[in-house]
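One structure is given here, and the rest of the page talks about it.
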Amino acid sequence: MDSLTVFGLFAVTTMVACYAFEDRSHWFILGFAASCALASIYGFLQGAWPFGLVEGVWTFIALRRWRVRRAGTI
C-alpha cells in the first residue's frame, strides 16, 4: 500500500467512526467535518475530482451541523 492509499484509508475510516459517534458529542461532528476535508484532499490527489468535490461539500454541511449543534448545547 502506498502512502496516498494509507492517507485515504485513514480519512475514510475516521469519517465513518466520527459519523457513528456523532450523537454522543458535537465534537464528533467536528471530527466528521475534518475527516471529510481530508477525504476531499485525498480525492483530488488521486485524481477522482468528483469524489473530492462531493467530500468538500460534505465538509461545509458538517461544519454547519457542528455550529448549530454546539449553539444548542451551550
Inset, instruction - Could you tell me which numbered condition R70 fails, if it satisfies all but one of (1) under 14 Å from Y19 (Cβ atoms); (2) surrounded by fewer than 18 Cβ atoms within 10 Å (Cβ to Cβ); (3) in contact with a His (Cβ under 7 Å, 6 or more places away or on another chain)? - result: (1)
Legend entry - Test set (1) β-branched (V, I, T); (2) buried (at least 18 other Cβ atoms within 10 Å of the Cβ); (3) out of contact with any helix residue (DSSP H, G or I) (no Cβ under 7 Å at 6 or more places or on another chain) - V16 fails condition number: (2)
Legend entry - Any pair with Cβ under 6 angstrom, 6 or more apart, that starts in region 26-43 at a residue that is more than 14 Å from R65 (Cα to Cα) and ends at one that is among the aliphatic types (A, V, I, L, M): S35/A11; S35/M15; L38/A11; A39/A11; A39/V12; A39/M15; Y42/A11
Legend entry - Residue count, region 55-74 (criterion: at pLDDT 95 or above and in a loop (DSSP other than H, G, I, E, B)): 0
Legend entry - Positions within region 22-54 being outside any helix (DSSP H, G or I) and surrounded by 17 or more Cβ atoms within 10 Å (Cβ to Cβ), in sequence order: E22
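The values are calculated or read from the model by the stated rules, or taken from the named source; none is laboratory data. As the structure is a prediction and not an experimental result, all values here were calculated from the model. Neighbour counts are summed over all protein chains in view; Cβ atoms, including those assigned to glycine, are modelled from backbone coordinates with ideal geometry.
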